[in-house]
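Single-structure report; data block below.
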Amino acid sequence: MISQCNDITGVILVGGKSRRMGQDKAFLLIEGLPVIERIIRTMQGCFKDLLLVGDRPERFESYGLPVVPDLYPGSSLGGLYTGLQHAGTDRIFVTSCDIPFSNPELIRFICTDTNPYDAVIPATEGGLEPLFALYHKSCLPAMQTALEAGNFRITAVLQQLQIKTIAPEQLRQLDADGRALLNINTPDEYAACKELKP
């Protein structure tokens, strides 16, 4: 069992509108459990403190976790900024609410880097995965400047930060079946995830 991190807050972004899916992605069932519940269980095993960021907090009342509204609604960058701003720790590990097969070993690997980076982010063959990553409060000024300027693209902010990337070959060592970073955005992706064997 993975020991909990006391100096990192786990943040789950739950504010997406699920436009492409057509229904709330957080409550899609995978192997009989809502995706959000699968993520919460994994994150609770990794972090002492857990925070949900998004609107409509009544959706998550049964989980007994704090839910804070986006300070800059309507974007993942705004949710990330809000999580960092509200966290009681200098670092957060963030995940979106549509990654049903979160891998605790991968989370721990990302979170064990103690070098003074602003962020530690996995990189797949498809590019960076900034919504399954570690961030330091040192990111806040750059994020706030971008948000106040109406620039909601995480990639634009990352260019201004000191980032360590986890290379694809490192990811494969911890995620041999390639499921840890799969996310659900469309009905087709949801159908494909349901077909995967446990």
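How many residues are of a type outside the set (Val, Ile, Thr) and either closer than 13 Å to Leu80 by Cα or open to solvent by less than 10 Å² (accessible area, probe 1.4 Å) (or both) when one looks only at region 101-110? The total comes to 1. Note on region 82-100: residues that are touching a strand residue (DSSP E or B) at 6+ places or on another chain (Cβ under 8 Å) and within 30 Å of Gln23 (Cα to Cα) total 13.
In this structure, is Gly32 small (Gly, Ala, Ser) and free of Cβ contacts under 8 Å to residues at least 60 places away in the same chain? So Gly32 fits the description; yes. Taken together, the residues in region 42-62 that are in contact with a strand residue (DSSP E or B) (Cβ under 8 Å, 6 or more places away or on another chain) and not aliphatic (A, V, I, L, M) amount to 8. Of the residues making up region 121-178, just one is of a type in the set (Phe, Trp, Tyr) and over 23 Å from Arg108 (Cα atoms), namely Phe152. Taking the stated definitions as given, is Tyr72 in contact (Cβ under 8 Å) with a residue 60 or more places away in the chain and either open to solvent by 40 Å² or more (accessible area, probe 1.4 Å) or polar (S, T, N, Q) (or both)? It is true that Tyr72 is in contact (Cβ under 8 Å) with a residue 60 or more places away in the chain and either open to solvent by 40 Å² or more (accessible area, probe 1.4 Å) or polar (S, T, N, Q) (or both). Condition check: crowded, with 20+ Cβ neighbours inside 10 Å and either among the small types (Gly, Ala, Ser) or part of a loop (DSSP other than H, G, I, E, B) (or both). Does Pro122 satisfy that? In short, no.
Restricting attention to region 39-83, the residues being under 15 Å from the mean Cα position of the chain (by Cα), under 26 Å from Thr145 (Cβ atoms) and among the acidic types (Asp, Glu) number 1.
The values are calculated or read from the model by the stated rules, or taken from the named source; none is laboratory data. On a predicted model such as this, the values are computed, not experimentally measured, just so you know. Because the Cβ atoms are built from the backbone with ideal geometry, glycine has one as well, and the counts that use them run over all protein chains shown. For accessibility, only protein heavy atoms count, side chains too; no ligands or nucleic acids. Shrake-Rupley method; radii C 1.70, N 1.55, O 1.52, S 1.80 Å.
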